[in-house]
Every structure is written in structure tokens, then in C-alpha cells.
Amino acid sequence: MKKYIHGTETPVVFMNEGMRIMGVLHRPETEAKPPAAVFYHGCTGSRAEAHWLFVKLARRLAAMGIMVLRFDFRHSGESEGDFQDMTLSGEISDGFRAIEYCAGECGADPERIGLLGLSMGGAVAAIVSARLGRKIKSCALLNPAAKPFEDLSAVARSRAVKVGAFPLEFNSFLFGKAFFDDLANIRPLDEIANAACPFIVVNGTADRTVHPSCAQEYMEALRSNGIPAELFVVEGADHTFAS
């Protein structure tokens, strides 16, 4: 456990479907049951994310009195499993379990838990928020993937990646067939109609991984269903808001 001026940072391990999930809990030095945020990283990302984006965000929130749980999905980072066995349905399951762990073993206020997801983690956060309804207090989507199957297909075409024999190597990661078979079932824009919390969608205009139009698609889906939503545009920012 490390102690900082804004609280403590503790390595944690919790289980889902018999597998260990590795994480870090940022606990503020405030009330006994603080509000909390659970972070979902992007595809091929980790609980730290690029240029330690999630670490910096977590520390800022802890300084504001908000507990943060950031973790590696199963089959990613330091959590148990091989990456080529990863599916988004599995990550959604991990997302539910992380919320249970945060509210239970970590002692967060179960009535004040929010989610934050980056890229594909944004699609996971949107779906988890929708399925849990009023159990989620707020949700932040950072350059979120809106149509995972279509979005990844576009990336593959732009980089001349041929989806054929499996496992498929892409950016030094091996993707399994189960991942692609599962993608068609992941439809955050359809599910988000059932959400009950306010959203903020943060979009970098120079994102070359997820097209900025995805942010607009989320805003349209949210507003058409009467869900409070704000779009925050970061001019010139790339996919992970570097620099």
C-alpha cells in the first residue's frame, strides 16, 4: 500500500468466473463510504492506460474525495488468462463484478458509483450502465467505440489487416476467433436506451482510432431517449488524449 497526500493506493485482487483480476484501489482520506468510480480500459490497454492516463485521473479523483477502482480485464494486462481468449462479453461480466467488489469489499457507497470507459472500454461502460439502470450514478465515455464490429472492421481495412486464420496478430496482440464471433452481439447504441444516469461523452477531434462521429452517435442515442448527456470536445486530442 502506498500513501499519498490524497489517500492510499493499494494493489487488489478479486475473482470472476474462477479467474483472478488484478487492480489498484485509490482510497481517499474522506468519509467512511465515499462515492466511487470504476474504470474500464480499452482493447489491448491496461489499468494504467497510455501515458498513465488512468493513474493520473484516479489520483485527481481521489484528491476530490472519490474512490477509484482501476483493473485489468481478464485476459489483459496482469490479470489471469491469455489475451487471445478475450471477448467483450467477458469484459462486460468483469465490469459487473468490479462494481460488486467496489461496493462490497472496498466499502464504497453503493448508491454513488459511476463508470468511466475509454475506447472499447467506453462501449463496455455504456452497456453495463444500461443493464444496471439506476444502480449507476453517472457514466463518462472517453472516445468510445459505438459499433464495435463495424469500428474494428474499419480499423482492420485501414491497416490492411486480413481477418482469416486465427489467432490473428494485430499490433503484437493475438486475437482469437471467439472475440470476432462475439462482436456482433455487442451493441451499446441499442442498449443505452435503458440507461438511467447522466452521461458525459469526451471526444478528441484528432482521434485516428475511433472516428469522432462515434461520439455524435452516442449523443444522438442518449438524447433521443431523454437521457441527460453532455458532449465535451478536446480540440486536437488523439485517441488517448496524449499531450
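All of 93, 89, 153 fail the test of being modelled with pLDDT under 95, closer than 29 Å to residue 221 by Cα and of a type in the set (Ser, Thr, Tyr), apart from 153. Number of residues in segment 65-85 that are open to solvent by 20 Å² or more (accessible area, probe 1.4 Å), in contact with a Lys or Arg (Cβ under 7 Å, 6 or more places away or on another chain) and over 20 Å from residue 166 (Cα atoms): the value is 2. Entry remark, segment 103-127: residues being in a helix (DSSP H, G or I), within 19 Å of residue 35 (Cβ to Cβ) and open to solvent by less than 10 Å² (accessible area, probe 1.4 Å) number 1 in total.
A search for C-beta distances below 9 Å between a residue of segment 177-204 that is closer than 28 Å to residue 166 by Cα and any residue that is β-branched (Val, Ile, Thr) and open to solvent by 60 Å² or more (accessible area, probe 1.4 Å), counting only pairs 6+ apart in sequence or on different chains, returns 180/163.
Being farther than 20 Å from residue 142 by Cα and buried (at least 16 other Cβ atoms within 10 Å of the Cβ): is that true of residue 176 here? In short, yes.
For segment 86-102, the condition holds for at least one residue, the condition being that it is open to solvent by less than 20 Å² (accessible area, probe 1.4 Å), in contact (Cβ under 8 Å) with a residue 60 or more places away in the chain, of a type in the set (A, V, I, L, M) and touching a Ser or Thr at 6+ places or on another chain (Cβ under 8 Å). A single member of 142, 222 is surrounded by 15 or more Cβ atoms within 10 Å (Cβ to Cβ), at pLDDT 90 or above and more than 17 Å from the chain's Cα centre (by Cα), and it is 222.
The values are calculated or read from the model by the stated rules, or taken from the named source; none is laboratory data. These numbers were taken from a predicted model, which means no experiment stands behind them. A quick note on method: Cβ atoms are made from the backbone with ideal geometry, for glycine too, and the neighbour counts reach across all protein chains shown. Heavy atoms of the whole protein, side chains included, go into the accessibility calculation; ligands, DNA and RNA do not. Shrake-Rupley method; radii C 1.70, N 1.55, O 1.52, S 1.80 Å.
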